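Worksheet for the structure shown next.
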Amino acid sequence: MYLPDHEVSLEPLRADHEDAALAFELENRAYFASWIWDRGDEYFANFATRHAALLAEQEAGICRFHVLVDSTGAVVGRVNLIDLEHGTAELGYRIAEKWAGKGLATAAVRAVIQLAKDDYGLTSLWAGASDHNVASQTVLTRVGFRPVASSSTDLGPGKKYELSLEDA
């Protein structure tokens, strides 16, 4: 799915995304660690194995992983639906630092919400965001998520959000 305002494509994660996804994670590691927990050195050392495991989970219908790819083939973001079960899933996303603040997260999350409803048959989504990450909380509320509870994250207090896809 092409997001014309950002000149990127939202694509299901594939085996041939491995190198670009690793480059994205490495390039943005410090930036991501300022907002959410760091994935740790083992994640990067075993990236090929982890990537293959994600593809197996996707093939089994457990999760739906998506990457945002620019015109050069570089991954500039990820938007994932985790643990699809009983019509619901957890939404998670990461956008490259150089793309932050340009509306890409909002556009990509909206696109995945539509896929969740139309293609994956989901009826609701939930997400969490640290109070430290106001930008992520803003994206969630902008696309229709509503805060439903307080939560605790590695970076301190946060909020749990839910979205009914029947209303979306």
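Filtered by the rule that a residue be more than 12 Å from the chain's Cα centre (by Cα) and either surrounded by 17 or more Cβ atoms within 10 Å (Cβ to Cβ) or under 25 Å from TRP35 (Cα atoms) (or both), the range 71-87 gives ALA74, VAL75, ASP83, LEU84. Among the residues of the range 64-112, those that are under 21 Å from ALA23 (Cα atoms), in a strand (DSSP E or B) and not aliphatic (A, V, I, L, M) comprise ARG64, PHE65, HIS66, GLY77, ARG78, ASN80, GLY92, TYR93, ARG94. If you filter the range 152-168 down to residues that are acidic (Asp, Glu) and at pLDDT below 90, you find that the one that is surrounded by the fewest Cβ atoms within 10 Å (Cβ to Cβ) is ASP167. Hey, among the residues in the range 125-134 that are without any contact (Cβ under 8 Å) to a residue 40 or more places away in the chain and not in a loop (DSSP other than H, G, I, E, B), which one's farthest from LEU81 (Cα to Cα)? The residue in question is VAL134. Just one of the listed residues (LEU140, LEU122) is in a loop (DSSP other than H, G, I, E, B) and closer than 15 Å to ASN80 by Cβ, namely LEU122. Answer yes or no: is there a residue in the range 119-126 that is over 19 Å from ARG29 (Cα atoms) and touching a helix residue (DSSP H, G or I) at 6+ places or on another chain (Cβ under 7 Å). Yes, the conditions are met somewhere in the range 119-126.
Here the condition is being farther than 22 Å from GLY101 by Cα, touching a strand residue (DSSP E or B) at 6+ places or on another chain (Cβ under 9 Å) and not hydrophobic (A, V, I, L, M, F, W, C); of ARG64, ARG78, ARG39, ARG50, it holds for ARG64 alone.
Per-residue answers, yes or no, for (1) β-branched (Val, Ile, Thr); (2) at pLDDT below 90:
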position	(1), (2)
ARG14	no, no
ASP41	no, yes
THR49	yes, no
LEU55	no, no
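Kindly check whether there is at least one residue in the range 112-119 that is of a type in the set (Gly, Ala, Ser) and either without any contact (Cβ under 8 Å) to a residue 24 or more places away in the chain or more than 19 Å from CYS63 (Cα to Cα) (or both). For the range 112-119, residues of a type in the set (Gly, Ala, Ser) and either without any contact (Cβ under 8 Å) to a residue 24 or more places away in the chain or more than 19 Å from CYS63 (Cα to Cα) (or both): absent. Taken over the range 122-151, the residue count meeting the criterion of being surrounded by fewer than 20 Cβ atoms within 10 Å (Cβ to Cβ), modelled with pLDDT under 95 and in contact with a Gly (Cβ under 7 Å, 6 or more places away or on another chain) is 3. Yes or no: LEU165 more than 28 Å from LEU26 (Cα to Cα) and in contact (Cβ under 8 Å) with a residue 40 or more places away in the chain? Against the criterion (more than 28 Å from LEU26 (Cα to Cα) and in contact (Cβ under 8 Å) with a residue 40 or more places away in the chain), LEU165 qualifies.
The values are calculated or read from the model by the stated rules, or taken from the named source; none is laboratory data. Worth saying up front: this structure is predicted, and the values here are computed from it rather than measured. For neighbour counting, all protein chains shown are included, and Cβ atoms are generated from backbone atoms with ideal geometry for every residue, glycine included.
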